[in-house]
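The values are calculated or read from the model by the stated rules, or taken from the named source; none is laboratory data. Keep in mind the model is a prediction, meaning the values are calculated, not measured. Positions of Cβ are backbone-derived with ideal geometry, glycine not excepted, and every protein chain shown enters the neighbour counts.
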Amino acid sequence: MSKPHESEEILLAVENVTLSFGGVHAIRGVSFDIRRGEIRAIIGPNGAGKTSMLNVINGFYQPQKGTITYKGRQRAKMRPYDAAATGIARTFQNVALFKGMTTLDNIMSGRTLQMKRGFLWQLIRFGPALNEEIVHRRRVEEIIDFLEIEAIRKTPVGKLPYGLQKRVELGRALAMEPDLLLLDEPMAGMNLEEKEDMCRFILDVREEFGTTIALIEHDMGVVMDISDRVVVLDHGERIADGTPDEVRADQDVIDAYLGVSH
């Protein structure tokens, strides 16, 4: 049986996407694809257009040119809510959590799109709504166990160290049961031990859930270790695309980003 990341099926294709803000080009005619089940890294120096590209994929920005094809359908304009409803989840460069809420409640908020009962049913927490909540809470507890954060399940996330907040944010994204998980610098600000833990969780998410992952990351050791393919942006343009070994040896990448041959 083939592993999830061996699939050749294209889950999402970016074709000739251009995004401008006034006269400033954030992305210039970029094309690449993401295969189902792979870990796809997007790298480049600061200002290369990496986060802007994730914002285009999940609907925060609408490109002036180009198309996004997702699950075989060319997308029209899409808002973040619509992207989430079709299976795209996102974490952010700066942690975006409800700081006064507990770990459990933050992850539970990721189940919103899975809830079928209306708002009034949820308020009274009776009958079908209560039964549904029990099912969702069981799923959230499974995610908490998976991420090994049982000890902080009742802790307000604002009191947690940064590395654990990043893990909670990952848990909230997983609670959406995404087909495509977008991670914007998931290891930023972490120490070595925290990075090792996050790498392990990202690999486990792919292997255990079959989730396709696209991530922006500046730590080249991490990128080369866990990615199946890497696309490199520089000044909004794609300058390389291939396996980690191919990208590492590409002279344009060395000149623009890595600085020296590895």
Scanning for something without any contact (Cβ under 8 Å) to a residue 12 or more places away in the chain, part of a strand (DSSP E or B), assigned by TED's automatic domain parsing to the domain that holds R238 and surrounded by fewer than 20 Cβ atoms within 10 Å (Cβ to Cβ), does region 18-34 turn up at least one residue?
yes
Is there a residue being out of contact with any Ser or Thr (no Cβ under 7 Å at 6 or more places or on another chain) and modelled with pLDDT of 90 or more anywhere in region 125-133?
no
Taking the condition of being modelled with pLDDT of 80 or more and more than 20 Å from the chain's Cα centre (by Cα), how many residues in region 105-124 meet it?
1
Determine whether region 53-60 contains at least one residue that is of a type outside the set (A, V, I, L, M, F, W, C), in contact (Cβ under 8 Å) with a residue 60 or more places away in the chain and under 17 Å from F92 (Cα atoms).
yes
Only one of (1) at pLDDT 90 or above; (2) in a helix (DSSP H, G or I); (3) farther than 19 Å from D33 by Cβ does not apply to K154, and that is (2)
Across region 233-255, the tally of residues that are in a helix (DSSP H, G or I), touching a strand residue (DSSP E or B) at 6+ places or on another chain (Cβ under 8 Å) and either surrounded by 19 or more Cβ atoms within 10 Å (Cβ to Cβ) or at pLDDT 90 or above (or both) stands at 4
Kindly check whether there is at least one residue in region 200-215 that is in contact with a Gly (Cβ under 7 Å, 6 or more places away or on another chain), in contact (Cβ under 8 Å) with a residue 40 or more places away in the chain and assigned to a loop (DSSP other than H, G, I, E, B).
yes
Quick test for you: out of L174, L182, pick the one residue that is assigned to a helix (DSSP H, G or I) and in contact with a helix residue (DSSP H, G or I) (Cβ under 9 Å, 6 or more places away or on another chain).
L174
Would you check if there is a residue in region 71-81 being in a helix (DSSP H, G or I), surrounded by fewer than 16 Cβ atoms within 10 Å (Cβ to Cβ), modelled with pLDDT under 95 and out of contact with any strand residue (DSSP E or B) (no Cβ under 7 Å at 6 or more places or on another chain)?
yes
